[in-house]
Amino acid sequence: MRRVLLTTWAVLKDNLSNRFTLFWVVLFPLVLTVLFALIFGGASVHYVVFVYGVDAPRVASYLNGSGLFVATVSNESVQALRHGYLYVYLENQSALRILYPPQDGSLVKPLAALVEQSLASDSLAVAASPGGHYTYYSYLIAGIVGVISLSNGVFGVVGVVSGYYRDGLVERLGASPLENWEWVLSLMTYEVVIVLLSSAVILAVGLTLGFVPAVDLPFVGVLVLGTLMFSGLGAVIYGLTPKDKVFVAEGAANVLVFLLMFVSNAFYPVSQFPYFLRLVATYSPVSIVNDVVRDLILYQQAPAPWQFGAIAVLTLAFVGAGSRLLTLREAP
């Protein structure tokens, strides 16, 4: 274990003195956060509405045809507000109650007008009130945490090992007493430390945007598990690449990271994706990690057990395969 800690410390010192590494660790997630906050902080393609009460199915169907709202019949008002959705309750044919996130007050009038049209009524009494503490910024910050574990996990392992291979450091380490499992464990420990540091920076940025995350041990545990999962994926990518063509591993890592990053719920809800991409985005590993992170630090509720199970299984699979493929010494 001493060799693992010493190797981890050496990798940390070496990479944190590299400006390129600092860009990916700190500036890249920071740029993504600021960029999406500025561009999408006050806008959305369409908005999710939970509808309940008299003629709820008909009203939901009408709202779905508006192009502005995506409506579902549900009486889960608390769940709606936790996730930043609007909630419509039709008490009868002449009384309507709307609950909305604080930043979506401008949607009340068009929503009420569409409900009136669906009921063919011009005398609907509307009572609207804000609720919940959700903002796009809090959604974004929680999603960026998942992106950090992805980008640092995959890019970190592939980038570090590729660089060390070019510089001849892998051969030198292979000639040392360092065992293969110690090498892999050192790399993944390095990635966990980097992700924790980078996440702390992003959560600090979230505080300036009014988002106070409920950080606790389960959150840290999920972050560590997610980082190990994506680090294992990076190890698999590098391990499958011929060592005289490490640029292939770097190219594959770039393509995969950006696909997983943008076909996920990291920056906006899955409901805003084209229909043919929604299933893929919903069950993307990044989306699953983000769902658990948001449940813990944003919505403050217990995540679905299957999500924990999926992360654990993928972590075991990727780390197990990566540990076998990412070797210090070539087989004789």
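Identify the single condition in (1) under 18 Å from Tyr139 (Cβ atoms); (2) assigned to a helix (DSSP H, G or I); (3) out of contact with any strand residue (DSSP E or B) (no Cβ under 6 Å at 6 or more places or on another chain) that Ser61 does not satisfy, given that it satisfies every other one. Status for Ser61: all satisfied but (1).
Which numbered condition in (1) part of a helix (DSSP H, G or I); (2) crowded, with 20+ Cβ neighbours inside 10 Å; (3) among the hydroxyl-bearing types (Ser, Thr, Tyr) is the only one that Ser271 fails? Result: Ser271 passes all but (2).
Within the stretch 86-97, is even one residue within 23 Å of Pro213 (Cα to Cα), exposed (fewer than 13 other Cβ atoms within 10 Å of the Cβ) and either hydrophobic (A, V, I, L, M, F, W, C) or at pLDDT below 75 (or both)? Looking through the stretch 86-97, none of the residues is within 23 Å of Pro213 (Cα to Cα), exposed (fewer than 13 other Cβ atoms within 10 Å of the Cβ) and either hydrophobic (A, V, I, L, M, F, W, C) or at pLDDT below 75 (or both).
If you check Val212 against the conditions, is it under 17 Å from the mean Cα position of the chain (by Cα) and of a type in the set (A, V, I, L, M, F, W, C)?
In short, no.
Exactly one residue out of Gly320, Gly251 is part of a helix (DSSP H, G or I), out of contact with any Pro (no Cβ under 8 Å at 6 or more places or on another chain), surrounded by fewer than 15 Cβ atoms within 10 Å (Cβ to Cβ) and free of Cβ contacts under 8 Å to residues at least 12 places away in the same chain, and it is Gly251.
Give me a count of the residues in the stretch 104-129 that are of a type in the set (S, T, N, Q) and surrounded by 17 or more Cβ atoms within 10 Å (Cβ to Cβ).
Matching residues across the stretch 104-129 total 1.
Listed here are the residues, each with its yes/no results for (1) closer than 24 Å to Ser186 by Cβ; (2) under 13 Å from the mean Cα position of the chain (by Cα).
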{"site": "Asn265", "(1), (2)": "no, yes"}
{"site": "Pro274", "(1), (2)": "no, no"}
{"site": "Ala281", "(1), (2)": "no, yes"}
{"site": "Val289", "(1), (2)": "yes, yes"}
{"site": "Val293", "(1), (2)": "no, yes"}
{"site": "Leu298", "(1), (2)": "no, yes"}
{"site": "Ala317", "(1), (2)": "yes, no"}
{"site": "Thr327", "(1), (2)": "yes, no"}
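The number of residues in the stretch 150-169 that are under 15 Å from Tyr190 (Cβ atoms) and in contact (Cβ under 8 Å) with a residue 60 or more places away in the chain comes to 12. Screening Asp295, Asp244, Asp291 for residues that are assigned to a helix (DSSP H, G or I), touching a helix residue (DSSP H, G or I) at 6+ places or on another chain (Cβ under 7 Å) and of a type outside the set (Val, Ile, Thr) leaves exactly one candidate, Asp291.
Is there any pair linking a residue in the stretch 190-212 that is in the same structural domain as Val160 (by TED's automatic domain parsing) and outside any helix (DSSP H, G or I) to one that is at pLDDT below 90 and not aromatic (Phe, Trp, Tyr), with Cβ under 6 Å and at least six apart or on different chains, and which? Close Cβ pairs satisfying both conditions: Phe211/Ser138; Phe211/Ile141. Out of all the residues in the stretch 263-278, is one or more closer than 23 Å to Thr327 by Cα and not β-branched (Val, Ile, Thr)? No, there is no match, as no residue in the stretch 263-278 is closer than 23 Å to Thr327 by Cα and not β-branched (Val, Ile, Thr).
The values are calculated or read from the model by the stated rules, or taken from the named source; none is laboratory data. Values in this document were obtained by computation on a predicted structure and should not be read as measured data. Neighbour counts run over all protein chains shown; Cβ positions are idealised from the backbone, glycine included.
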